[in-house]
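Data block below; observations after.
The values are calculated or read from the model by the stated rules, or taken from the named source; none is laboratory data. Computed from a prediction, not measured in an experiment: that's the story for all the values here. FYI the Cβ positions are ideal-geometry reconstructions off the backbone, even for glycines, and counts take in every protein chain you see. Note: accessible area is taken over every heavy atom of the protein model, side chains too, but ligands, DNA and RNA are not part of it. Shrake-Rupley method; radii C 1.70, N 1.55, O 1.52, S 1.80 Å.
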Amino acid sequence: MAKMLKLRLGVSDDPTALQPSLNDCLDAMLQQAEPLMNDVLRGLFLATVPTGPQRMPMFQKGANKAAIDGLQRDSAAVCQTFKGELTSIVYHGGGKEQVHAEVLRFEDLQLFGDADLDQSIEVARAQQEVTSAVEDVLPDLDSLVSTLLGWRTIQPGLNPLRPDVFVRALQSTLSIHVPDAPVREALITPAAGLLGVQLRKLYKELSDWLTSTGVEPAVPLGGRIAKGGATPTGASVNDSTAKTLLTLDKLRKLLAGDFDQPKGPRDFLHTMPASMSLLQEMKGVDALVKRLEKRPSPQAAAAAAETLEEREKIMAEAPPPAKLGQQLGEEVVRLLFDNLANDQRLLPSLKRTLKKMEASVLRLAQEDSRFFSDRNHSARMLLDRISQRSLAFQSEEDPGWPRFLKTVEQSAAWLESKVIDADTFSELLDHLTTQWSEHDASLKAKREEAARALLHAEQRNLLAQKLSLDFEAQLEEVEVADFVADFLKGSWAQVVAEAQLSCTDGSDDPFGYRAVVDDLIWSVQRSTAQRGRMRRLVEMIPGLLARLKEGLQRIDYPPELTQHFFDNLITIHRAAVQEGRDPEADRAAEVAEAAPSRFDIDAAEAAMWMAQNEVSDSGYVDVDSFLPPQDEAAARAAAEAEVERLSRPPAEPPPPESPAAAVEEAASPPASPEPVSAGEMRTGTWVELMVEKKWTRMQLTWASPHGTLFMFTAITGTAHSMSRRTLERLRAEGLIRVIADRNVVDEALDNVAQAALRNTLGGKEDGGPA
């Protein structure tokens, strides 16, 4: 297959061809979809041959063999289905992996029946089979495809040809051609293994082809490509970081209290976190579950006693039997604080102070199980507020850190002297909020002022875009200089939009700026002289120029651009008034008309034009403020490429995922952190922004309703606002990186179900099902 692919892609035939586009890359891979599926079917068929070297006993007879025979008979239709499903997913569902579906939560587990769970585990195993087969060649392909996508840094989750896309196509194909669910579950993992072997060859050939055509690989975020192409943070799917006894089935039993009362009510359910991912990557889970399950009971110890007196003493001194779920709940608190202590984003002195709060939170959890299930519990909110606020500081030398740490230390000491309950934590939360409110109030006032300026700018720009289209249609029937047409579609559209927004009586043209468009176009038309034209020009020009200046001043238009526009306009008017009697004026007018326009604001920039006072009020910056200087040609080429990328229609949103699909997504090994796009960034996200060659910690505190403008604020009150275009460029250049897009405590409580799934995939325990 590798040779066939190379010939089809033309590696040897045309080494001097132009570099391929992303569509060329996708088309080349999709051409291999049918041969790829054909190889999978051939492999399954060979497994049914009784005497063949690839035989598998489970496929020798019964429904499994019948299903494989049917797939082989209908191989043409099966291959067509696979190609159609793969094409659909690549072009419509192969974009950014859904962040919100990647975590398997406690609520999801309650929705699973045994059949759903078994099916999801099988599909997840298929995912592992394919990922394991391609893990050594996938990083190279990710880096090359990222370049084709327009990124300078590697974005594995954006690769439309990533392994899970092929697994989803395989699953869809089998669901169509193998209606029997148990048989389909038996086939999917071996089929995925065959798929992975062939897909590895295709990935390698595709990478070699792209490299041979001169495509440069993107670079990792904040690091180098490891030897052999593997990313430094990428871990093998078979190398579990938390090998524990916790599986999905056992987790469900723990949540239901089945270890304590197999046939009783689900009295353990209320003691566990609503989002069950606390135990992932925590090394003590294995020992914890073993200790809790195998701890000898007082009854067993009494039975082993030699005398009646010893047995009675043991039973009398034995504490009331505690449920396994309650014990695990207490351990979850300890693991929570261990996880916070290991979080590299939290500063050391804060970690030590949080550790002092652990005993108080543990006492609360023993009496109030709502701490686990209620995200708005006062103790959870206290930990949330402290940890989130601490993300504003990069080091303990940052201004404001000593003051913030002192308030947390006082809180920890205050808890040690109080009777612990939810009201105590609520009182402390109110006290902390009051201490922080004075500083927050001044920042809030600045943010609100900046947000008002940005919101007005967005409204004006959206209205200006509509007016620009109207002016463009009006210009189609006339011939005017490029700088005049660009001025009307860009700058003057902003003037008319500002006037309409400032009008309170509903007038469509309150200051007559809309009517100026007709007069300006008539005054500069390249047409033969009309009778009475000179007289009308002489009467019109003074008022026209005055109205133009007035409108540009209203939007605080840059003086140098204003002067440039009027110099060229007056030159053209002077020649028009002379009606050909002054050859020198005519030549000057021709030069002015032919000069490159300085008003050719492209679509992306026009949508984000800001007046100078708005820039000052909101801290608005453009992408050129962050990027190193480029020559004019390179800058224009980069801008055109960015506009083309941003103008692509967005991928259709994926349909709502079923619980089973959530498990399949969660089965994937955690990849290295990837940036989300501007549209996906949520208010409250903490980032680091490269400002004057230094990383600065900031929080996304405001986004405009239409997602065109974003404002980031530092704890000191410094604000940087920017357009979507600028933000996307900064992400592509690696000049902004996400530190936390969710609460730290929530992240600490969001991984246990994934850990349970990975351990479920690891096999069976104690010789039998988990």
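Measuring with a 1.4 Å probe in the full set of protein chains, what accessible area per residue, in whole Å², belongs to the stretch 379-537? Please report the intermediate quantities before stating the final value.
On the way: 7910 Å² over 159 residues.
On a per-residue basis, 50 Å².
How much of residue 351 can a 1.4 Å solvent probe reach, expressed as accessible area in Å² and rounded to 10?
40
From a point 7 Å beyond the Cα of residue 518 in the direction of its Cβ, which residues of the stretch 465-499 have a backbone N at a distance under 15 Å?
471, 474-475
Can you give me the solvent accessible area of residue 685 with a 1.4 Å probe, rounded to the nearest 10 Å²?
About 0 Å², rounded to the nearest 10.
Length gain on complete extension for the stretch residue 356 to residue 470, per 0.36 nm per residue less the alpha carbon to alpha carbon distance? Walk me through the numbers on the way to the answer.
Numbers: separation 114, 0.36 × 114 = 41.04 nm, distance 6.54 nm.
This chain segment gains 34.5 nm when fully extended.
Quick one: net charge of residue 565's neighbours, Cβ under 11 Å, K/R +1, D/E -1? Each step should come with its number before you reach the end.
Details: positive: 549, 598; negative: 486, 560, 567.
Charge balance near residue 565 sits at -1.
Please report the net charge: other residues with Cβ closer than 11 Å to the Cβ of residue 137, K and R +1, D and E -1.
Numbers: positive: 200, 201, 204; negative: 135, 136, 140, 142, 205, 208.
Here the count lands on -3.
Between residue 694 and residue 504, what's the calculated FRET efficiency when r is the beta-carbon distance and R0 is 60 Å? Round to 0.05. Walk me through the numbers before you get to the answer.
Working: r = 45 Å, r/R0 = 0.76.
Efficiency, rounded to the nearest 0.05: 0.85.
Tell me, what is the 1.4 Å probe accessible area of residue 189, in Å² to the nearest 10?
30
Given the pairs 65/204; 444/489; 446/693; 406/446; 444/466, which span a C-alpha to C-alpha distance of over 30 angstrom in this model?
Numbers: 65/204 33 Å; 444/489 36 Å; 446/693 25 Å; 406/446 25 Å; 444/466 33 Å.
Beyond 30 Å between Cα atoms: 65/204; 444/489; 444/466.
Under a plain spin-label model, where a point goes 7 Å from the Cα along Cα-to-Cβ, how far apart in nm are residue 613 and residue 330?
For residue 613 paired with residue 330, the spin-label model returns 6.6 nm.
Between residue 537 and residue 570, with labels modelled 7 Å along Cα→Cβ, what's the label distance in nm to one decimal, could you check?
1.6
How high is the FRET efficiency between residue 560 and residue 742 when r is their beta carbon distance and R₀ equals 60 Å, given to the nearest 0.05?
Computed FRET efficiency for residue 560 and residue 742 comes out at 0.85.
Taking amide hydrogens as modeled 1.01 Å from N in the peptide plane, which residues meet the under 5 Å criterion relative to residue 696, leaving out close sequence neighbours?
Those lying under 5 Å, H to H, from residue 696 are 689, 690, 691.
Between residue 577 and residue 462, what FRET efficiency follows from the Cβ-Cβ distance if R0 is 45 Å, with the result rounded to 0.05?
Numbers: r = 39 Å, r/R0 = 0.86.
E between residue 577 and residue 462, to the nearest 0.05, is 0.70.
Would you kindly state how much longer the chain becomes between residue 55 and residue 423 on full extension, computed as 0.36 nm times their sequence separation minus their alpha carbon distance, in nm to one decimal? Don't jump to the answer; show the numbers that get you there.
On the way: separation 368, 0.36 × 368 = 132.48 nm, distance 6.64 nm.
Between residue 55 and residue 423, full extension yields an extra 125.8 nm.
Within the stretch 392-438, which GluC sites (Glu not before Pro) sit in a loop by DSSP and count at most 12 neighbouring Cβ atoms inside 10 Å?
Values: sites: 396, 397, 409, 416, 427, 438; in loops: 396, 397.
Loop-located and lightly packed - 396, 397.
Past 22 Å, Cα to Cα: identify those pairs from 83/201; 351/694; 356/694, in the order given. Before the final figure, lay out the partial values.
On the way: 83/201 18 Å; 351/694 25 Å; 356/694 34 Å.
Beyond 22 Å: 351/694; 356/694.
I want the local charge near residue 618. Using Cβ-Cβ distances under 12 Å, sum +1 for each Lys or Arg and -1 for each Asp or Glu among the other residues.
Numbers: positive: 446, 447, 452; negative: 448, 449, 458, 614, 617.
After counting each charged neighbour, the total is -2.
Got a number for carbon plus sulfur as a percent of the stretch 149-215's accessible area, 1.4 Å probe?
Working: 1180 of 2030 Å².
Summing carbon and sulfur atoms, their accessible area is 58 percent of the total for the stretch 149-215.
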